[in-house]
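We did not get these values from a lab; they are worked out from the coordinates using the rules stated. All figures in this text were calculated on a predicted structure; none of them were measured in a lab. Ideal geometry is used to build each Cβ from the backbone, glycine not excepted, and the neighbour counts take in all protein chains shown.
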Amino acid sequence: MSKKKINLYFRPEQVNEAITYVLVKEYDLKFNILRADVEEKGGRLLLEVEGRPSQISNGIAYLQSIGVGVKELNEYVEKDLSRCTNCGMCVSICPADAIEMDRQTWEVRFDQSKCIACGLCVSSCPPQAMRLKV
Amino acid sequence: MKRTYEEINAKIQQGDAVVMTAEEAIKLAESKGIEKAAKEVDIVTTGTFGAMCSSGAFINFGHSEPPIRMKRVWLNGVPAYAGIAAVDAYIGATEEREDYGQPYGGAHVIEDLVAGKAVHLRATAAGTDCYPRKDIDTYISLRTVNQAYMYNPRNIYQNYGVATNSSERALFTYMGKLLPHYGNMTYSSAGQLSPLLKDPHLRTIGIGTRIFMGGGIGYVAWEGTQYKTTPRELNGVPVGSARSLALIGDLRGMSPEFVQALSFTGYGISLGIGIGVPIPILDEDIMRTAVLRDDQIFAPVLDYAIQSRGRKPIAEVSYAQLRSGTVELFGKKVQTSSLSSYYKARIIADRLKRMIEEKEFTLTRPVEQLPRERMQRALDVCSEEDVL
Ligand code: SF4
Ligand code: SF4
C-alpha cells in the first residue's frame, strides 16, 4: 500500500461528477478529502489517496481521461531552517496539526506528511522562514 | 548573605564565578532552597528573543567629495530620518520600502548590515555654500561607515498581554494572526527566562548596565518609552506590560542569529532582537525573584477585537499554562503560540553565561537607578490651553 496527495482541478461542469465514487469502486482506493474549494471557474479537491501503487496510477489515468486536471503534491511548503526562530507562531495557525512544538528542546517541528497545503503558515511566519515550494 | 559587584567581578577575573542560567538556577533552588542557592550562585543569566518594534540604528556615513548635507536618505530604498547633522541618519526598524512587492523595511536594512552585506545609499540635498553636493548614489557596509549603533527607545518589555480574538473574522496584528472565535492565543514573553521578570523592581538593572545585545555587547541607556510601574503585581511580578528599557549597542559585533527582520502580514515590519541581562545575586531577595517559575508569572489576556486602549483583560494566565500549548478560555480549549522564541532565549542565557565564564563580560553597577514610580500617560485630543 502507498499513499499520495493529489490536487484535482475541475471545470465548472465537472463539479457534479461522481469521481470519488469511481475511485473507490473501480480502483479500490481509500481517500481522505483534505481540502475542497468550489469557485465559479471550477473546483479544487485535495485528496490523500491510499492503495496499491498500480491502482493509484490507474486511478490518476482515469481522472485525466475524463478531463480532470491532476497534480501530485509532494512538498508544498518548505522551511528555511536558517531563518526559523522556533517561535511557534505557526503552531496554532496550522489547521492540520502538521506543525508541533517540541516541549523538551523548544524547537518547532514540521511534518510534511500531514501538510494539507493551505499556505496559512507562509503568511503568518514573521521571519518568512516558511515558503511556498510551487 | 550579601555580595557586592566588586566581589562578583573579582571572581569573574579569577575564573571562579558561579554562573547559571535562570532555568538552571530554578532547578537548584527547587532542590536546595533559595538560601543555599543564593550562597552558591553569583550570577543568574536571562535571555529573550522577540519582536521589538521600537528599534533602529544611527549611522554616520562619512563625508563625500564634494560634501553633501543629506536631507532625504534611502537605504536599500527604505527612507531613513536625516533631520540631524549632515551625514548622520536614523533608520527605524518599522519604516517600509515603498513600491516593493515583498515586505522589506528598516529591520531588513539593519539585518543586512549586521550580516555584512552591502547596502545601497541614496541621498538628496538642497545644496549649500558649505555642502554644495545635491545628490549621491552609492553603497555602504559596516566596513565603510564611521558609526553604526542601535538605539532602541523601547525594548524587552517586562511582561506583555496575551492576544486573542472574539470576533467573527481573523485579525492581523503585531501579535500575529488571531483566528476568529478565540481560535488561538498569542503571547510574547520568555517568562521565567525573561530579563525584567527576574529582577522585577530593577534593583540591579539601571542606566549603564552592560547587557548581551544582538550577539554583541550593549548597554541600558535610559528608561524605555512607556515605562510604567503601576500594574498590579502577583508574586512580586507585574501582571502585564510594565517596565521597559532603552538600549544602545554597536552593530559591529552583532550577529544575524540574534538580529532578524520580522514581518507581520497585515501589520508591518518589526525587528527581532536577542537580549540577555545578567542578574548579580547580591542577596537572597534577588535570588528569590531570579528563580520565579513560569507557573508564578502571569499575563493578562486581551481581546484584540476590542479596538480601544482601555480594553480590560478577559482572563489571567500563567506562562506555564501558555507554554503547555493550550489554555482553557470560557470552557473552550484554545491553542497558544509564542511570538518570542523560547529556544533562542535559552541560547542567549547560555551564551551570556559562557561569555562571563570566559571573562569576556563583567558586571556593572547601574550609574543611575530607573524610576521607582511612573505612570503612563495617554494621548487625548485637546486644545492648546488644555495641555498647559
Ligand atoms: S512561525 Fe516561522 S519562525 Fe516561527 S516557528 Fe514557525 S516557521 Fe519557525
Ligand atoms: S501549509 Fe502550513 S499551515 Fe497549511 S497545512 Fe501545511 S504546514 Fe499547516
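At full extension, B:R365 and B:V387 could sit 4.1 nm farther apart than now, given 0.36 nm per residue minus the alpha carbon distance. A DSSP coil position with no more than 15 other Cβ atoms inside 10 Å describes the following GluC sites (Glu not before Pro) in the range A:34-131: A:E40, A:E75. Across peptide A:118-129, the average count of Cβ atoms from other chains found within 10 Å of a residue's Cβ is 5.
Here is the result for the range B:214-274: no GluC sites (Glu not before Pro) lie in DSSP coil with at most 14 other C-beta atoms within 10 angstrom of their C-beta. By its C-alpha gyration tensor, with a ≥ b ≥ c as the square roots of the eigenvalues, how is chain B shaped: rounded for a/c under 1.5, else prolate for a/b larger than b/c, else oblate? Cα axes put chain B in the oblate bin.
Think of the range A:78-134 as having a plus end and a minus end, set by charges on the Cβ of Lys, Arg, Asp and Glu; of A:G88, A:C125, A:C115, A:C125 sits farthest toward the positive end of this dipole.
Give the shape of the range B:25-95 as rounded, prolate or oblate, defined through the alpha-carbon gyration tensor: a ≥ b ≥ c are the square roots of its eigenvalues, a/c under 1.5 means rounded, and otherwise the shape is prolate if a/b is larger than b/c and oblate if not. Judged from the Cα gyration tensor, the range B:25-95 comes out prolate (a/c at least 1.5, a/b above b/c). Counting neighbouring beta carbons within 10 Å and listing from fewest to most, the residues A:L23, A:L8 come out as A:L8, A:L23.
Annotation for the range B:122-166: trypsin sites (Lys or Arg not before Pro) lying in DSSP loop with at most 16 further Cβ atoms inside 10 Å of their Cβ are B:K134, B:R143. With the simple spin-label model, which puts each label point 7 Å out from Cα in the Cβ direction, the A:V24 to A:K114 separation comes to 2.6 nm.
Taking a ≥ b ≥ c as the square roots of the Cα gyration tensor eigenvalues, the range A:77-132 comes out oblate, since a/c reaches at least 1.5 and a/b does not exceed b/c.
Over the C-alpha atoms of chain A, the Rg to Rh ratio, Rh being the Kirkwood estimate, stands at 1.05. Mean projection of the alpha-carbon convex hull of the protein assembly as shown over all orientations, in nm²? In nm², the orientation-averaged hull projection of the protein assembly as shown is 32.3. Each of A:D28, B:D112 was scored by other Cβ atoms within 10 Å of its Cβ. Arranged with the fewest first, they read A:D28, B:D112.
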